[in-house]
Amino acid sequence: MKTEIIEHLGESDILLPALIAEALRANDRIKVRLSVLQAAARHARRPDGPAITLADECRSAGLEPLDGLIAAAAPSQDKIAAPGLKDLGQAIWDDAAAMLRGVVAGDAETGATAQARLEALRAAHTLGGDDALAADEIARLTSISDQGADSLHRLVMDLHKALNQLATEHAEENVAGAHVFGLRPEDHRPVEAFMRGLDATRKLKFDHPGLGTNAARTGTRITIQNDIGETDAHVVVIAVEPGAVTVTYTDVHLARAKFFTGLTRDFDIQWSGLDRKTAEGLGDDGVFYLVTGRCETRDLAVRDDLLEALGSALVFLIDWNKARKVLRTWVPKTEAVRILDWAARNRFGHRAFLALGGSGLVAAAVQHAAPGRIGFGERLDETLGREAAVDFLKAVLRISTEALLAGSSVRLARDRIEAELARHLERVEATLLAIVVRQAGLAREIAAEIANAIFEQQAGRPFDRARLATRARLREEKADRIAVDARQKVVRFGAAPGIERLADQVEEAVDELEQGAFVASLLPTVLAADLLGPLADLCAFAVQGAEAAASGAAAAAAVPEGHQVDSEDALACAGRLSELEHAADTAERAVTGKVLQGSFDLSTSLCALDLARALERATDRFAGFGYQLRNHVLANLAV
């Protein structure tokens, strides 16, 4: 009655904030009710499918849960029938009318056009007539056609856009940059918390539009809505109630919706499943996704921290899918998402990267810093290794943001990125030496198993001979594959040939040790102690040689970075390998002497001699590795 009197007096403007607030509440309700309508149709088509629940969405919009209607939906001839479907339809039309009233009050011309559309839609549909509705009518009501045909869903979206504009133009006040109306003084705190987070990262969108915020009190709730970017279905609505914060988020990209929920992982917020909604004309696959999160807390500090985190996260959703697609041309898609997550959590974002050229920025760095080393269309992880490629692209996003924030020239940013790539390419040598370390590790495993077999012989215990030979053969085959990989990468990266020689030396040592394991598997059950002693010494020297080779390669990897202690360690390992080779020579001669001077049978003599010589040859190869390692380190120190 008060509304009618005020309108009659020609003072309807005073009602505008309240009408807009009610219209926005109706927008929340109608979207959930349309989702219920779609869910009912889906359940009727596939009653044996997963249970569909929209209880959280209903509560967030101030409605009682409608899951019972969804569960009761069933096909009836060529229609979908469900108890309560008539009431649901009437409520949908009522919500649309409430939205229209808000628009008419603030923009008569837009309101008149929308009213004509609503009347035409009501005349064309039977929604709200009874508890049954044709499935194709549900599709027409909820779709957004690209063919020019109108729909209720399209009208609701247009009304919502108009209401947001009116809310901005006719806000009762501005709270920390948010356009708000109907708020009480105590309501400012959660809005300020959200805006504090939004303002902390807003600059990272640079010249991209978006991030406008409206807020209003709705009964006991404070509703905060942000438009994020320009995409129609990309919206976040946050409801702040006593004891709880509810977040409703819609997106045309499923991966981005998952990414958004991941940005709140530091908070105890429970996210519902990502529901797939039909909306032709939105996104490449014609659908959008809705997710609802709820955090229950009466701790106002925790609530404000969550709101601040939500506000600060939104800028990282703008052009997110575009950035993901660009990064996927250089690294696997899982790593692309990991890079974007890192950029968001460290507050660099990806908008500057896109603004400076995106993929072209990386391609230019490759062309100038690595001509001939990274082929056209070749991913960075195939050249630098996965972690190095990820680290480089993180640096690209960081440098891009720093450059735009500081107002630096694009040329300077490109130079810094090229220098970063050059540093990562220098580290390729470390990657190749890491391959050598893996080879040496396999050599040590074979030598250690031979040593264990000799130990068991000394103790008079049996050992698994077949297992010893088989495991050694498998390790030798693995070492061969690693060596082939190392040679290919040396050629591809244009690395120093000395690294290939190091890999070759270890590969030959592994071959000798595999032969030794084969011979050890054929040793007589009982072997004289005076033969077992020097054989055990040879095993120990082989194990120590493999360990020294691995340590030396690891130390050499750090020499280009200027660590003097690493060069000293690498040279010490080279010296140690020479000493072990001399010791192994002595032990091998001891075995030879025992065999030639003793009265062993032919089988025992041949096994002992072949095993000793295989182990001694392995230490020879490790000594050769030490010589090559010394030359490699000295060459790096001379640069």
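Side notes on the structure shown:
- Directionally averaged projected area (convex hull, Cα atoms, the stretch 315-451), nm²: 9.7 nm²
- On full extension, the segment bounded by Arg217 and Ala51 gains 56.4 nm, given 0.36 nm per residue less the C-alpha separation.
- The share of Cα pairs per 5 Å bin across the stretch 58-188, counted from zero up to the longest distance, runs 2, 9, 15, 17, 17, 15, 10, 7, 5, 2, 0, 0 percent.
- Residues of type lysines that Lys478 reaches as a straight line, Cα spacing below 17 Å, ignoring anything fewer than 8 places off in the same chain: Lys489
- Mean Cβ neighbour count within 10 Å, used as a protection proxy, ranking 182-190, 432-440, 248-256 highest first: 432-440, 248-256, 182-190
- Computed over the chain, the per-residue total of -39500 (n - 2.57) for DSSP H runs of n ≥ 4 gives a 222 nm mean residue ellipticity of -22000 deg cm²/dmol, rounded to 500.
- Here the contact order of the stretch 429-536, divided by its residue count and restricted to Cα pairs under 8 Å and six or more residues apart, works out to 45 percent.
- In a simple Cβ point-charge model (Lys, Arg +1; Asp, Glu -1; nothing else charged), the chain has a dipole of about 500 debye relative to its Cα centre.
- Normalised by the number of residues in the chain, the mean separation of alpha-carbon contacts (under 8 Å, six or more apart) gives a relative contact order of 8 percent.
- Cβ-Cβ distance of Asp199 and Ala244, R₀ of 35 Å, FRET efficiency by 1/(1 + (r/R0)^6): the value works out to about 0.90.
- Only the Cβ atoms of Lys and Arg (+1) and of Asp and Glu (-1) were treated as charged; on that basis the dipole of the stretch 486-550 about its Cα centre amounts to roughly 380 debye.
- R0 of 41 Å, Cβ-Cβ distance His170-Arg298: FRET efficiency to nearest 0.05: 0.75
- Partners for Lys325 among lysines (Cα-Cα distance below 24 Å; same-chain residues under 8 apart left out): Lys203, Lys205, Lys258, Lys277, Lys333, Lys394
- Expressed as a fraction of 2.2 N^0.38 Å, the value expected for a compact globular protein of N residues, the C-alpha radius of gyration of the chain is 1.42.
- In terms of overall dimensions, the C-alpha atoms belonging to the stretch 383-425 reach 33, 15, 10 Å along their principal axes, ordered largest to smallest.
- Cα extents of the stretch 130-240 along the three principal axes, largest first (Å): 48, 36, 22
- Note on the stretch 517-639: Cα-only Rg and Dmax are 17.7, 58 Å.
- With a Förster radius of 22 Å applied to the beta-carbon distance between Asp610 and Arg473, the computed FRET efficiency rounds to 0.85.
- The distance separating the Cα centre of the stretch 250-264 from that of the stretch 507-544 comes to 59 Å.
- Ile80 accessible area, assembled protein chains, probe 1.4 Å, Å²: 10 Å²
- Distance between the 7 Å Cα→Cβ label points at Ala18 and Phe267: 3.2 nm.
- Packing rank of 515-528, 383-396, where each peptide gets the mean count of other beta carbons within 10 Å, highest leading: 383-396, 515-528
- Packing here is the average count of other Cβ atoms within 10 Å per residue, and on that basis the peptides 195-203, 623-631, highest first, run 623-631, 195-203.
The values are calculated or read from the model by the stated rules, or taken from the named source; none is laboratory data. Just so it is clear, the structure is predicted and the values come from calculations on it, not from any experiment. When we count neighbours, we look across all protein chains shown, and the Cβ atoms used for this are built from the backbone with ideal geometry, even at glycine. Surface accessibility is based on the protein's heavy atoms, side chains included, excluding ligands, DNA and RNA. Shrake-Rupley method; radii C 1.70, N 1.55, O 1.52, S 1.80 Å.
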